[in-house]
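None of the figures in this text is laboratory data; all of them are computed from the coordinates on show. All values derive from a computational prediction rather than experimental measurement. Glycine gets a Cβ as well: all are built from the backbone with ideal geometry, and neighbour counts include every protein chain shown.
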Amino acid sequence: MDFLKKKIRDEGVILSDSVLKVDSFLNHQIDPVLMQEIGKEFARLFQHEKITKVLTIESSGIAPGLMTALQLGVPVVFARKRMSLTLAGDLLTASIYSFTKQETNEISVSQKYVTPDDRVLIIDDFLANGQAALGLAEIVQKAGATVVGFGIVIEKSFQKGSELLRSRGFRVESLARIGSLEKGKVQFIEESEVVNA
Ligand code: G4P
């Protein structure tokens with residue numbers, strides 16, 4: 001995804017050695033053409049997996065999740081971080097701890113929308129410590145459905161998430177893998193450098 005890496009290089013703002021701001025195309029303003037390309041790439045990577053549903057989490061996972069679901073021709077469901085008045089009935093829930101915010105949040109999905117025969121592709125914008133990703137996998141497993149894999153737009157490979165998911169046997173496809181944000185520079189891990197991915 002050279003287009004994505006160029007966008008990160010040109011528009012990303014490094015806030016610290018561990019935080020990259022990408023508000024101009026992913027987390028606040030959204031670039032629809034980039035999202036469409038991201039959707040096509042995830043659909044290509046998982047084309048043989050008989051995906052029946054895309055699962056993501058509000059809010060920034062929705063754009064890449066939706067475009068992926070559109071390409072795969074399946075529905076997208078997003079986990080809610082706050083209880084909604086209309087989200088009643090049987091809920092599948094998971095607790096996720098944010099190291100960044102130092103708080104635990106309960107995420108939920110209606111049982112109606114993830115069912116035992118589903119083959120689920122989980123999409124998210126960032127993979128940092130992997131807690132949101134694991135919470136989404138827990139919800140799929142509670143539904144008795146299958147996690148086919150994870151599609152991540154930006155993986156911060158220097159944090160724990162990617163190793164955590166891969167060590168549990170999950171397939172993780174990340175479109176941009178960042179090895180370091182140190183010295184104010186984005187250092188990508190190129191595909192040729194990826195071992196055991
Ligand atoms: P984890 O789920 O991987 O453990 O992540 P963590 O708790 O560290 O991250 C909490 C929030 O911060 C998540 O978004 C995550 O996507 C986002 N995040 C983590 N690292 C970065 C980063 O370097 N840059 C940016 N821009 N975001 C990062 P969220 O609070 O759920 O936000 P949103 O989806 O509502 O936008």
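What the table below lists for this structure:
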{"item": "Lys, Arg +1 and Asp, Glu -1 on Cβ, resulting dipole of the chain about Cα centre, debye, nearest 20", "result": "180"}
{"item": "Assigned charges on the beta-carbon of Lys, Arg, Asp, Glu; the stretch 1-77 dipole about Cα centre (debye)", "result": "240"}
{"item": "Relative contact order [Cα under 8 Å, 6+ residues apart], the stretch 11-62, whole percent", "result": "22"}
{"item": "Cut-off 19 Å, label 7 Å out along Cα→Cβ of L70, residues of the stretch 107-129 by amide N", "result": "121-125"}
{"item": "Lysines whose Cα lies under 30 Å from that of K185, excluding same-chain neighbours fewer than 8 positions away", "result": "K5, K6, K7, K21, K40, K101, K156, K160"}
{"item": "For the stretch 125-168 versus the stretch 36-107, the gap between their alpha-carbon centres in whole angstrom", "result": "11"}
{"item": "Estimated distance in nm for a label pair at K142 and S16, the labels positioned 7 Å out from Cα along Cα-to-Cβ", "result": "3.0"}
{"item": "Pair R82, F99: separation of 7 Å Cα→Cβ label points (nm)", "result": "2.7"}
{"item": "Mean separation of Cα contacts under 8 Å (6+ apart) over length of the chain, as relative contact order %", "result": "19"}
{"item": "Residue-averaged 222 nm ellipticity for the chain, from DSSP H runs of 4+ at -39500 (n - 2.57), nearest 500", "result": "-8500 deg cm²/dmol"}
{"item": "For the stretch 9-114, radius of gyration divided by Kirkwood radius, i.e. Rg to Rh on alpha-carbons", "result": "1.01"}
{"item": "Amide H contacts of K21 (H built 1.01 Å from N, under 5 Å, at least 5 apart or other chain)", "result": "V13, I14, L15"}
{"item": "Rounded to whole Å, sorted largest first: equivalent-ellipsoid semi-axes of the stretch 129-187, Cα gyration tensor", "result": "25, 10, 9"}
{"item": "Cα gyration tensor shape of the chain, rounded if a/c is under 1.5, else prolate or oblate by comparing a/b with b/c", "result": "prolate"}
{"item": "Cα→Cβ-extended label distance, 7 Å offset, between D23 and K112, nm", "result": "3.6"}
{"item": "Extension gain (nm, one decimal) between R171 and E58, 0.36 nm per residue minus Cα-Cα", "result": "38.5 nm"}
{"item": "At most 12 other Cβ within 10 Å, DSSP loop - trypsin sites (Lys or Arg not before Pro), the stretch 13-94", "result": "K50, R82"}
